[in-house]
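Here's the structure, in structure tokens; my notes come after.
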Amino acid sequence: MTEDPLGPLDPDFGANFKRDDRRPRCQLYLISPLDVTGAFPDRLRNALDAGPVAAFQFRVKDVDQHSAARLAEPLQRICADREVAFIVNDSVSLAKRLGADGVHLGQEDGDAREAREALGPAVQIGVTCHDSRHLAMEAGEAGADYVAFGSFYPTNTKTVKHHPEPVILSWWHALFELPSVAIGGITPDNAAPLIAAGADFIAASHAIWGGDEAAAIRAFDAVLKG
């Protein structure tokens, strides 16, 4: 776990935490698989038509920007038709090229201030903050629109070194209005503690695309409503 310069979390903080009813209920945030070729646009339609989804993150690797844009454009239209925010992973330049609704930045993908200057005031900027309160507060000060914590559970989607406890969501939710996204190995079976802890969004990838995407969306929706 990352050494947090603000010190360890109180293990009892948030133990009796309850969501503030004045804030919207937790919503689903989809992350694409790395392969979005072939039938994937149809799978995305099936997923988005099966239940409520707040955002879709376009995440591909090892392709040039021209190829990435070509892959993204039909997916962006599908999201726009359903009023689902289209978020580009890692690349401010691709987000600008596409006129995307947002960009998600890892800790090595650039500064939120620079992204804001490049993309303008209306674009949503998210920042990965791993298991660090310090990084999350820095992201907020830099103008991020949401912060992401994780990986909460084991995942094969990417190699991870940071494994926060759900209490970090409670701490963030209690002190800051900026939304948080919980990420990493989340399924309908293990999402409930993160929702109860105060996550504003639950991110899912393999849990959706590793099987029947429509059934997975419905299962997540049942947990979110519960």
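FYI, it's all coordinate maths here, none of it is from the lab. Owing to the predicted nature of the structure, the values given are computational and were not obtained by experimental measurement. Cβ coordinates were reconstructed from backbone atoms using ideal geometry, including for glycine residues, and neighbour counts include every protein chain displayed.
Applying the Karplus parametrisation 6.51 cos²θ - 1.76 cosθ + 1.60 with θ = phi - 60° to the phi angles of the range 72-84, what ³J(HN,Hα) value in whole Hz is obtained for each residue in order, glycine and proline being reported as x?
Those phi angles translate into 6, 4, x, 5, 5, 5, 4, 5, 4, 4, 10, 6, 9 Hz.
If you take the C-alpha gyration tensor of the range 37-110, multiply each eigenvalue by 5 and take the square root, what semi-axes do you get, largest first, in whole Å?
20, 14, 11
In terms of the ratio Rg/(2.2 N^0.38 Å) built on C-alpha atoms, what value belongs to the chain?
0.97
Might you report the magnitude of the Cβ-based charge dipole of the range 27-225 about its Cα centre, with Lys and Arg at +1 and Asp and Glu at -1, to the nearest 20 debye?
With only Lys, Arg, Asp and Glu charged at Cβ, the dipole is about 240 debye.
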